[in-house]
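As structure tokens, the structure follows; a few thoughts come after it.
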Amino acid sequence: MILIDGKKTSELLQSEIAEEVITIKNNGGKIPHLAAVLVGNDGGSETYVAGKVKACEKVGFKSTLIRYDDTVTQDELLKCISQLNCDDDLDGFIVQLPLPKHISEEKVIEAINPHKDVDGFHPINVGRMVAGMPAFISATPFGIMELIKRYKIETSGKNCVVIGRSNIVGRPMSILLSQKGIDCTVTICHSRTKNLKEVCAQADIIVAALGRAEFLTGDMVKEGAVVIDVGITRVKSDKTKSGWKLLGDVKFDEVAPKCSFITPVPGGVGPMTIASLLYNTLLSSKKVIYK
Ligand code: NAD
């Protein structure tokens with residue numbers, strides 16, 4: 001069994017990005033600039049955004065954090081987005097989700113200029129990805145594809161089961177895995193899927209992205225399978241200082257011995273997400289996706 005080291009791979013990807021930034025600087029080019037919009041004081045969102053800002057500094061990007069109180073109106077937020085859309089110094093920006101209930105995430109995502117949508121959530125980028133055109137691909141699926149490529153995991157003709165059909169993980173994963181050049185035969189499962197255990201037991205590759213701690217058990221996985229665990233659930237623990245620990249969607253101790261490759265939680269998919277966002281910002285600054 002090979003443990004897929006997302007932390008190490010993320011550090012490698014970030015050091016590759018940092019090297020490119022040095023080259024850009026040395027050639028007198030413009031330093032990539034990423035902005036993040038944070039609404040409210042949700043603890044999780046604060047942590048994610050702080051991580052993104054810190055990662056920008058580490059690779060030499062410029063970063064801007066724009067904060068709003070959770071009483072901000074939808075119109076105020078949309079106005080901010082239209083200003084960011086027109087800011088020539090910005091290569092990309094993200095609006096950290098979730099947003100307060102009185103703001104439509106759909107309207108906010110649609111308001112972002114697709115050329116600066118480094119989260120890859122805008123329907124134009126989603127549509128381009130589906131059509132196999134150059135697009136900003138959302139960070140978590142991009143990070144998973146990067147792990148698959150860098151660990152040289154064979155995908156052609158493999159049966160792949162994706163559990164979860166969310167717009168940010170499950171659905172884009174199912175599309176990327178079925179694309180030409182990757183060539184998996186993909187089954188996408190969700191909360192209404194019948195015989196999930198039997199479906200998973202046929203899979204060469206399983207991507208578990210449902211958000212239920214330790215859902216995928218040993219009896220659902222065949223010998224030699226590749227298991228990618230996307231889930232992050234915080235559960236109480238008396239063994240950690242913080243009183244919390246993170247669990248994935250996979251019952252690791254049961255599943256890992258049967259796998260050819262598996263991602264741990266933490267240290268698997270999670271660390272790749274931020275590196276992927278930085279990579280998208282670099283692509284944007286180099287005008288690779290939209291010329
Ligand atoms: P979501 O809640 O939007 O979607 C969950 C999906 O799982 C739904 O499509 C639902 O139909 C399916 N599902 C729920 N229960 C099921 C069941 N019993 N059987 C089969 N399918 C079931 O979640 P999401 O945003 O896609 O996130 C999924 C998990 O991945 C969460 O734990 C989240 O925290 C984590 N996540 C991690 C990263 C990362 O960087 N590692 C990034 C995004 C999300």
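Every number in this text was worked out from the coordinates using simple rules, so none of it is lab data. Just so you know, these numbers come straight off a predicted model, no measurement behind them. Please note: Cβ atoms are built from the backbone with ideal geometry, for glycine as well, and neighbour counts cover all protein chains shown.
Count Lys and Arg as plus one, Asp and Glu as minus one, and take only other residues whose Cβ is under 9 Å from that of Thr9; the net charge is then 0. Cβ-to-Cβ counts within 10 Å put Ile144, Ile188 in ascending order as Ile188, Ile144, the fewest first. Using C-alpha pairs below 8 Å separated by at least 6 residues, the relative contact order for the stretch 139-262 is 21 percent. A Cα-only calculation for the stretch 192-236 places Rg and Dmax at 11.0, 33 Å. Applying a 4.7 Å Cβ-Cβ cutoff to the chain leaves Cys56, Cys80, Cys86, Cys189, Cys200, Cys259 as cysteine residues with no disulfide-compatible partner. Dipole magnitude for the stretch 139-262: about 380 debye, using +1 per Lys or Arg Cβ and -1 per Asp or Glu Cβ, origin at the Cα centre. Relative to the 2.2 N^0.38 Å rule of thumb, the stretch 123-182 has a C-alpha radius of gyration ratio of 1.06. Computed from the Kirkwood radius of its Cα pairs, the Stokes-Einstein diffusion coefficient for the stretch 30-113 at 4 °C and 1.567 mPa s stands at 98 µm²/s. Total Lys pairs in the stretch 30-113 closer than 17 Å by alpha-carbon, pairs eight or more apart in sequence or interchain only? Close lysine pairs found across the stretch 30-113: 5. Full extension of the chain between Lys25 and Ala50 yields a length gain of 6.5 nm, computed as 0.36 nm times the residue separation minus the alpha carbon distance.
When all alpha carbon pairs of the chain are counted in 5 Å bins from zero, the resulting P(r) reads 1, 5, 11, 15, 18, 16, 14, 10, 6, 2, 1, 0 %. Placing unit charges on the Cβ atoms only, positive for Lys and Arg and negative for Asp and Glu, gives the stretch 32-134 a dipole magnitude near 280 debye about its Cα centre. Within the stretch 245-288, the proportion of C-alpha pairs whose separation exceeds 14 Å stands at 61%.
In summary, the helical segments of the chain meeting the span-like criteria, namely a full DSSP H run, a Cα extent along the axis of 15 angstrom or more and a mean Kyte-Doolittle hydropathy of at least 0.5, are 270-285. Please compute, over every Cα-Cα pair in the stretch 1-143, the percentage with a separation greater than 21 angstrom. Roughly 49 percent, once rounded to a whole number.
Each residue of the stretch 139-262 gets 114 Å³ once the volume of the Cα convex hull is shared out per residue. Note on Lys236 and Met1: the extension gain reaches 81.7 nm, defined as 0.36 nm multiplied by sequence separation minus the Cα-Cα distance.
Label-to-label distance for Glu110 and Gln202 is 3.8 nm, based on points extended 7 Å past Cα in the beta-carbon direction. For Lys236, the lysines whose Cα comes closer than 16 Å to its Cα, not counting residues fewer than 8 places off in the same chain, are Lys245. Shape class of the stretch 159-218 from the alpha-carbon gyration tensor: oblate, with a/c at 1.5 or above and b/c at least as large as a/b.
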